[in-house]
Structure formats: structure tokens, C-alpha cells
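The values are calculated or read from the model by the stated rules, or taken from the named source; none is laboratory data. Everything quoted here is computed from the prediction, not taken from an experiment. Heads up, the Cβs are rebuilt from the backbone with ideal geometry, glycines too, and the neighbour counts pull from every protein chain shown.
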Amino acid sequence: MCGIVGYVGEQAGLEVVVEGLRRLEYRGYDSAGVAVLDGGRLQVERRAGKLANLEKALAERSLPGTLAIGHTRWATHGPPTDRNAHPHLDAAGAVAVVHNGTIENFEVLVDRLERDGVVMQSDTDTEVVAHLVARAYDGDLAAAVRAVCRELEGSFVLVLAHRDEPDLVVAARRNLPLVIGLGDGENFVGSDVTAFIAHTREARVVEQDQVVEVRRGGVTVTDLDGAVVEGETYHVDWDTDAAEKGGYEFFMLKEIEEQPQAVRDTLGGRLTPEGLVHLDELSMSDEDLRGIEQVFVIACGSSYHSGLIGKYAVERWCRLPVQVEMASEFRYRDPVLGRNTLVIAISQSGETADTLEAVRHARSQRAWVLAVTNTLGSTISRESDAALYTRAGPEVAVASTKAVIAQITAMYLVGLYLSGIRGTRDADEVRAHLRDLQEIPDLIAELLTRMEPVRALAREIADEPRVLFLGRHVGYPIALEGALKLKELAYVSAEGYPAGEIKHGPIALVDQGTPVVVIATRHALQAKLLNNVQEVRARGARTIVLATDGDESAVAHADVLLRIPDTKSLLAPLLTIVPLQVLSAEVARARGLDVDQPRNLAKSVTVE
Ligand code: AGP
């Protein structure tokens, strides 16, 4: 997902914007650029590749000025080249624009412009905005932007400057996140608060189809018709270092260590003095929730795996059928939805396009939609009937860890809450499960002190071309997640399977020494699982077994034994996921890869 920063104030605009872009690097990008307004001229510099390339080019220029806009681009239309990097200008160099998102009708707009003699300078959809706004400009940049936004289709965040408006940055949003930073004699806009958190903690979320006029003296927000819209400001309570690495080599390692707190914070404030669950974020009435006859969970990637785990809990505790669907497939199979349906959309970023479009489809079919997301004010949370926030704090590494564990925790809370309302579990049972849940943070913390054998194992298997992950029941989604982590971080061909499935084909992948990771913590199905371990071991596999403390049944079948603290089998994913996160990060480190920003990936995929 691209990063966007806009600034107008008294500081050197270039420095403020470049610093903001650096804080947004985690979002994944492949080019970057800035525009600075200086004495009636928009000075632009942009480069393909990482921010360092841009900074190298900037070092050779002087770009004074206290108004600037900047962008890190994750290419969607046009390859990541210098000419496609943002900002884009109109032919006269009067308007500069940076853009997140996709303008779906840009071909039509390009045709119109070219028929009028405009010569496009890039392969991007964004450039059309610069030309259209320049043509619509009649001394009022905000009015011109409102007029153009009414013509645009698709998803966008736009930030613009005009050479004749030295005290104005204009921004607009549709479907993608944009936040205002409110300073003293200076104001900001950014893709999220990390863009300006070093300067101000007072923020305001920009809502759908709103246009923001950012001036030194203040900010005005209007709708597309120009009517002023009031809005709430909020205080950003993230510590600055919460978005910094805090002494770890990689954000991901820091975020793995933050998982005990992520679980604590996600549980925090949601348990009643009587030891039950209270989710006041769920705006549906008890009657509506009792009327639910089916549940769908829609998500992508690791969030999908969280949903698979949540399925076991909700089905077990609520006796409701739960279908977990990849969001990108969900709406195309025309699912049977209605007022009797609860759709749970799980998304760390709250901006994943596949999940957002699935949410919109579910809403159009009158299903109840509950967002489980880590991002306050995100589009998915605002387009759902209710939002249950995971409180994992900012997750910077592309590979999701603490957000996933918080998502699983949130799903357990939803299951227990629903079971209480629907009467499928009595209060004592709910209390017992919650007591088990409340022990998890300390168990994770203790488990994290035992990671040296995992790091040693990572160094041993760092050059393995293929790794298999096996699990049964709730261990199966963890096998999928362990495989995804190794894929996305170390680029290893890793696959997760239900252990019972291995003999129906995948066992052919097992060669002499193939690492096979097995989630074999205490469970009713463990005897069957250990049979599967023997099957792969008999064919040469190197078995890496996750087993519960004190459980000796797996010892004879394990080439490497990794111990997991004991907990209820349904909650075990909150623990078994941890060594697999560490394993993948350490394999990536051993391979000399960028653990925080793996190739080809973005922190949030805002294109379908
Ligand atoms: C997780 O490690 C991946 N980076 C990716 O699969 C991610 O979970 C997926 O893109 C969904 O993102 P979301 O939770 O922000 O919707």
C-alpha cells in the first residue's frame, strides 16, 4: 500500500515529508517522490526504488519551501520507474498530485484528455488527476479537486498542491485511509498517523468522499459539494518508539515479543467483574445475535488463518455453522446470505481491498458484518455494522504476527460472547475458558524465553528448498500459517497440510531429510497425528515436533523436539504459532533477507 504525506507550516517542508515517508516505508513500495512549493514553483524529485535513491537525488538539489507533498508508491498501473513515480504534474507544472489507490475510469479520462491534445507523460492512472485539476482550477484548488473527484471512479487518496496557493495543501479520500495531523501553525495529512506522529499527536480521520483544505492556520473539511463537515479529533497514544524498532534488528522480532501484551490488551476491558465477556463494540442487539443461523469469516492471508482457528471455537461454543472464506473468492460464488447471517471480516490493516469488497457484498445482502481489525477508523471498520478492535498496536513488519495472535484472541472472545447470549455455554464454562485465556500472555512470555533451539534449527534448515507443516484440528490452520510465514519471509517452498491428508498425495514430496514440522501438542487426535509423523519419518523426513511440556508420547518420533507450555487444546494456537514465527524470521535472517519488507509484498494490499 502506498504512503502519502502532505505538510504546510513553518518547517522545511522537504525534511518533514521525507521523514514522514521514511516512517511509512513499512507499507511496502517500489518508488518515491516529493514536490516542494517554493516561490510560486513546484519543484519535483522522484525516483524508482527505495527512499535512499530519492534522498541521493535530493542531496544534489536545494528544495527550500515550507509546503510539500510526498509519496511512496506500490505500483499498480505502470512499472516502478522514475517517470511513473509520484508526484505527477499537469503540462504547465501548475498542479502536483500524489495518489494512493486505483482510478478505475482512468482510460476514459485519458482518452478525453488526449483528444484535447494533452500528452501523457507517464503510464499511471494518477497523472490524469493533475491534468483534470489544472483544467478545473479557477483560483480555488479545493473546488477544482471536488469537481474532479466527482468524476473519478475507484479508490483513491489524493494530496495536491498548486503553485499559486502557497498556503494550501488539498487532500481527498475515497475508500482508502487518510488522516489529518493538527499542529500549531502547521498541519499535516498522511496515510496513517505514523507519517506525522513525530510532530503532533492530535489527529482526525477523513471520512468517505471528503475533501480537506490544509493551511498553516487550520484545516477545513468539506463534502464533495463543498459543505463544511465537522469531525472528531483524537489523541494518538502510540509511543513514538512503538513505531520504532526498540533495539531489535527487525520490527518483526520486536512485534513477536510484543505478543503477550497484544493478547492482554485485546482481552483488556472486555471481561466483566463477574468473569464473563462484554463486547460493547458489537452494536447488534442480543435479539439480532440470537437470530444468527450461520457465520461466515472472510479474510486474506494470515487473517484467513486466524479465521480458520476461530471457526473451531465458534462452532464448538456456539453450535453455529461457520464457513471461512478467502475474501477474494467470497462474493464471486454468490453465497447465500441474509439477516440470519453474521459475516466476520478479519483484517489487520482494515484496508485490504479483497476483504473490503467482500464486506460490501455482504452488506448488500443484508448480512450483519463485524470487522475484527487492528486499525482505528479503517475503511473496513467503518463500512461494517460493528468493529471489534484487536489492540496489537502498530504492526510495522509486513509479516503479521502480533496482529494475528490478537485476531485469534478476538475470535475466542466473539465465540464466548455469542455462546453466552445464545445460551449454548453456561456462565461457569465461559468463565473457565476466560481464565484459560487470561493465562495465555504469561505462557507466551515464558515460551519466548525458550527460542534458542528454534533459532539454532533455523540456521540448520536455512538452505532447505522445501519444508512441510502438518497439523490436525486447530493445529491445521497453524500449519498453514507456519508455511505462509516461511514462504513470505524466506521465499521457501513451504506447504501446510492436514496431517491426515499427507498420505493422499503430498507425502510424495517427502525426500531424505525433508524437514517436516508437526504441531503435535496435547490433543484428542494426537495418536493419529503421531501415526502421520511415523509415515513421513519412514520415508526419510526430518521430523520437527511441537509437543506439550511433559508429554513424552512424541519424543520417539521427533528428530527435533520443541516444547510448548500446556494449555487447553482449543487455545493452543496462541502458543504453537510463536515458534513458527521465530523460525521463519530466523531462516530469513540466516538467508540475509529483509525480514521486515520481503520482496513483492506490501503490508496492506489495497488493490484486488
Ligand atoms: C501476513 O503475514 C501477510 N503479510 C498477509 O497474508 C496478510 O495477512 C494479508 O494480506 C491480510 O492483510 P490484512 O489482515 O491487513 O487484511
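Please specify each residue of the stretch 316-344 satisfying the condition of being of a type in the set (Phe, Trp, Tyr) and free of Cβ contacts under 8 Å to residues at least 40 places away in the same chain.
Quick first cut of the stretch 316-344, residues of a type in the set (Phe, Trp, Tyr) only: 317, 330, 332.
Passing the criteria: PHE330, TYR332.
The set of residues in the stretch 533-553 being under 26 Å from ASP463 (Cβ atoms) and over 32 Å from the mean Cα position of the chain (by Cα) consists of VAL533, GLU535, VAL536, ARG537, ALA538, ARG539, GLY540, ALA541, ARG542, THR543. Restricting the stretch 379-406 to residues that are more than 10 Å from the ligand (Cβ to nearest atom) and among the aliphatic types (A, V, I, L, M), which is surrounded by the fewest Cβ atoms within 10 Å (Cβ to Cβ)? The qualifying residue surrounded by the fewest Cβ atoms within 10 Å (Cβ to Cβ) is ALA386. I'd like the full set of residues that are of a type in the set (Asp, Glu) and on the phi < 0 side of the Ramachandran plot, limited to the stretch 316-358. GLU325, GLU329, GLU351, ASP354, GLU357, listed by residue number.
You will find that of THR424, THR409, the residue that is modelled with pLDDT of 95 or more, β-branched (Val, Ile, Thr) and either touching a Lys or Arg at 6+ places or on another chain (Cβ under 7 Å) or surrounded by fewer than 24 Cβ atoms within 10 Å (Cβ to Cβ) (or both) is THR424 and no other. Listed by position, the helices (runs of 4 or more DSSP H) enclosed by the stretch 215-318 that each have at least 3 residues that are within 16 Å of the ligand (Cβ to nearest atom) and more than 27 Å from ARG22 (Cα to Cα) are 301-318. When the stretch 462-509 is filtered for residues that are among the β-branched types (Val, Ile, Thr), at pLDDT 95 or above and away from the ligand (no atom under 16 Å from the Cβ), the ones remaining, listed by number, are VAL467, VAL474. For the stretch 248-269, taking the residues that are in contact (Cβ under 8 Å) with a residue 60 or more places away in the chain and small (Gly, Ala, Ser), the one that is nearest to THR409 (Cα to Cα) is identified as ALA262.
Test of understanding: among VAL189, VAL263, which residue is surrounded by 15 or more Cβ atoms within 10 Å (Cβ to Cβ), at pLDDT 95 or above and β-branched (Val, Ile, Thr)?
VAL189
Just to be sure, is ALA299 in contact with a His (Cβ under 9 Å, 6 or more places away or on another chain), under 14 Å from VAL372 (Cβ atoms) and modelled with pLDDT of 95 or more? In short, yes. Considering the conditions (1) modelled with pLDDT of 95 or more; (2) on the phi > 0 side of the Ramachandran plot; (3) in a strand (DSSP E or B); (4) not polar (S, T, N, Q), GLY65 is excluded by exactly one of them, (3). For the stretch 323-337, the set of residues classified as away from the ligand (no atom under 16 Å from the Cβ) and either assigned to a helix (DSSP H, G or I) or within 15 Å of VAL369 (Cβ to Cβ) (or both) consists of GLN323, TYR332, ARG333, PRO335, LEU337, listed by residue number.
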